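Structure record follows, encoded as structure tokens.
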Amino acid sequence: MGTYFKLQTDITELKSQQEAQSRVNEIRLKVLEEQVALLQEQMKEVTINRTK
């Protein structure tokens, strides 16, 4: 029975780690999306300034 409870604990820990990693990945994705939007805006400004 000890092995069963150890496995249950391990599974619970893995789920928690996966959930935490998922949240971290979501935050990273949001940061990257914001950076892409900023770079796109900067590219628009550069393009506009070149055509003047």
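Every number in this text was worked out from the coordinates using simple rules, so none of it is lab data. Not measured: the values here are computed from a predicted model. A quick note on method: Cβ atoms are made from the backbone with ideal geometry, for glycine too, and the neighbour counts reach across all protein chains shown.
Some observations on this one:
- Using alpha-carbon coordinates, inclination of helix 2-51 to the longest axis of the chain, degrees: 0
- Summing charges over neighbours of Lys52, with a neighbour being any other residue whose Cβ is under 15 Å away from its Cβ, gives +1 when K and R count +1 and D and E count -1.
- Reachable lysines from Lys44, criterion Cα separation under 16 angstrom, eight or more residues apart if same chain: Lys52
- Computed extension gain for Ala20 through Leu7, at 0.36 nm per residue and net of the alpha carbon distance, reaches 2.7 nm.
- Charged side chains reduced to their Cβ positions (Lys and Arg at +1, Asp and Glu at -1) give the chain a dipole of some 200 debye around its Cα centre.
- For the chain, the residue among Gln42, Gln8, Asn25 whose Cα projects farthest onto the positive side of the dipole built from Cβ charges is Gln42.
- Only Cα sites of the stretch 7-52 enter the Debye sum here, all with the same form factor; the resulting log10 I(q)/I(0) across q = 0.23, 0.24, 0.29 1/Å is -0.78, -0.80, -0.91, listed in q order.
- Cross-link partners of Lys6 among lysines, defined as those whose alpha carbon lies under 24 angstrom from its own and excluding same-chain residues fewer than eight positions apart: Lys15.
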